[in-house]
Amino acid sequence: MSERKVAMITGGTRGIGKAIAKIFSDNGYDLIINYVSDKTDLTKLENDLKNNNEILFVRANVGELNSVEEAVKKAIEKFGKIDVLVNNAGITRDNLIMRMKEEEFDEVINTNLKGTFNVTKSVVPYMMKKREGRIVNISSVVGVSGNAGQCNYAASKAGIIGFTKSIAKELASRNILANAVAPGFIDTDMTECLNDKVKESINNQIPLKRMGTPEEIAKAVYFLASSDNTYITGQVLNIDGGMLI
Ligand code: NAP
């Protein structure tokens, strides 16, 4: 069994997930980094992230329970435990409800919400055995406020909040703490497609007048998942430059 703490981050190859992987790595954790596509050069990523720790990359679509179980099995074979799970993998398929196809709705729910269920269900037995664990689920401010053009995404992210509160109640007796982080608009590939006019209009709605960085999300995720957090569970932390005030 690894002597270091072990953190599993889904969608840890890019954007917010990569920043989360970096902060855990810099704090001495071994990493299990999940991803699904060929978009990232894993050798380069490993060089960017690695300190004196071990990194295991596991390719699996979080929406497929069998693939997730296989990935978690590999991780347990290597490290013997998972101390921290960050359910970060997520996608958007935006459209107004009048135009949204059934597949666009299903794909987003399957990846974002069912994916969070699949990975949590696969990891929790190992945390239960250790009688300790931390789970942080990445929701979104739009899961709290709703957003025109994102009924699929907002529903998936609102679902993650209900899911998080429920498992926080179920798992508290085993000292497994579960929280959600709800980012506002963060500068990643996911928001790159927005044109300058839309970005300007979004910035105008944010009291801090700018988008957030992946590192600003990672710092809060790290705190909630660290042993410094002993009494916060079932909460949703909005990190949005004041957008939802
Ligand atoms: P991103 O840059 O598009 O990165 C998405 C990550 O998720 C990638 O690592 C991708 O892996 C992975 N992924 C996508 N589908 C997957 C699947 N089916 N199975 C496994 N991995 C999968 O996204 P981001 O902006 O960093 O967003 C990260 C999380 O924060 C998401 O849950 C998102 O909804 C949430 N969020 C983002 C914002 C924002 O403004 N950016 C705001 C609120 C919430 P590959 O590299 O293999 O494709």
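The values are calculated or read from the model by the stated rules, or taken from the named source; none is laboratory data. What you are looking at is a predicted structure, and each value in this text was computed from that prediction instead of being measured. Cβ sites come from the backbone with ideal geometry, for glycine too, and all protein chains shown count toward neighbours.
Can you find a residue in the stretch 19-28 that is farther than 20 Å from K157 by Cα, touching a strand residue (DSSP E or B) at 6+ places or on another chain (Cβ under 6 Å), among the hydrophobic types (A, V, I, L, M, F, W, C) and part of a loop (DSSP other than H, G, I, E, B)?
The answer is no; no qualifying residue exists.
If Y222 satisfies all but one of (1) without any contact (Cβ under 8 Å) to a residue 40 or more places away in the chain; (2) within 19 Å of G15 (Cα to Cα); (3) of a type in the set (S, T, Y), what's the number of the condition it fails?
If we test Y222 against (1) without any contact (Cβ under 8 Å) to a residue 40 or more places away in the chain; (2) within 19 Å of G15 (Cα to Cα); (3) of a type in the set (S, T, Y), just (1) comes out false.
How many residues does the stretch 99-119 contain that are of a type in the set (A, V, I, L, M) and free of Cβ contacts under 8 Å to residues at least 24 places away in the same chain? Working first, answer last.
In the first step, residues of the stretch 99-119 are kept if they are of a type in the set (A, V, I, L, M); the result is 100, 108-109, 113, 119.
From what is left, the residues that are free of Cβ contacts under 8 Å to residues at least 24 places away in the same chain are none.
Within the stretch 99-119, residues that are of a type in the set (A, V, I, L, M) and free of Cβ contacts under 8 Å to residues at least 24 places away in the same chain number 0.
Among the listed residues G234, G162, G212, identify the single one that is closer than 26 Å to T120 by Cα, out of contact with any Phe, Trp or Tyr (no Cβ under 6 Å at 6 or more places or on another chain) and without any contact (Cβ under 8 Å) to a residue 40 or more places away in the chain. Talk me through it step by step, then tell me what you get.
Values: G234 fails: without any contact (Cβ under 8 Å) to a residue 40 or more places away in the chain; G212 fails: closer than 26 Å to T120 by Cα.
That would be G162, the only listed residue that is closer than 26 Å to T120 by Cα, out of contact with any Phe, Trp or Tyr (no Cβ under 6 Å at 6 or more places or on another chain) and without any contact (Cβ under 8 Å) to a residue 40 or more places away in the chain.
Polar (S, T, N, Q), outside any helix (DSSP H, G or I), out of contact with any strand residue (DSSP E or B) (no Cβ under 9 Å at 6 or more places or on another chain) and under 24 Å from V124 (Cβ atoms), is that true of N34?
Details: polar (S, T, N, Q): yes; outside any helix (DSSP H, G or I): yes; out of contact with any strand residue (DSSP E or B) (no Cβ under 9 Å at 6 or more places or on another chain): no; under 24 Å from V124 (Cβ atoms): yes.
Considered against the rule, which asks whether it is polar (S, T, N, Q), outside any helix (DSSP H, G or I), out of contact with any strand residue (DSSP E or B) (no Cβ under 9 Å at 6 or more places or on another chain) and under 24 Å from V124 (Cβ atoms), N34 comes out as no.
Among residues belonging to the stretch 1-21 that are in contact (Cβ under 8 Å) with a residue 40 or more places away in the chain and farther than 17 Å from N137 by Cα, point out the one that is farthest from the chain's Cα centre (by Cα).
Only one residue tops the list, namely M1.
Between a residue in the stretch 29-41 that is within 15 Å of G115 (Cβ to Cβ) and without any contact (Cβ under 8 Å) to a residue 12 or more places away in the chain and any residue that is near the ligand (Cβ under 6 Å from one of its atoms) and assigned to a loop (DSSP other than H, G, I, E, B), which pairs come within a Cβ distance under 9 Å, given they are 6 or more apart or on different chains?
Within 9 Å, the pairs are S37/T13.
Where in the stretch 169-245 are the helices (runs of 4 or more DSSP H), entirely inside, with at least 2 residues that are away from the ligand (no atom under 11 Å from the Cβ), at pLDDT 95 or above and closer than 22 Å to A19 by Cα? Quick ask: steps written out before the conclusion?
Working: elements: 189-192, 196-204, 214-225.
Because the criterion is at least 2 residues that are away from the ligand (no atom under 11 Å from the Cβ), at pLDDT 95 or above and closer than 22 Å to A19 by Cα, the helices (runs of 4 or more DSSP H) in the stretch 169-245 that meet it are 214-225.
Of the residues N229, N175, which single one is closer than 20 Å to I135 by Cα and in contact with a helix residue (DSSP H, G or I) (Cβ under 7 Å, 6 or more places away or on another chain)?
On the way: N175 fails: in contact with a helix residue (DSSP H, G or I) (Cβ under 7 Å, 6 or more places away or on another chain).
The match here is N229.
Would you pick out the residues in the stretch 23-45 that are among the charged types (D, E, K, R), within 14 Å of the ligand (Cβ to nearest atom) and closer than 19 Å to S2 by Cα?
So in the stretch 23-45, the residues among the charged types (D, E, K, R) come out as 26, 30, 38-39, 41, 44.
From the residues that got through so far, the ones that are within 14 Å of the ligand (Cβ to nearest atom) too are 38-39, 41, 44.
Result: no residue meets the conditions.
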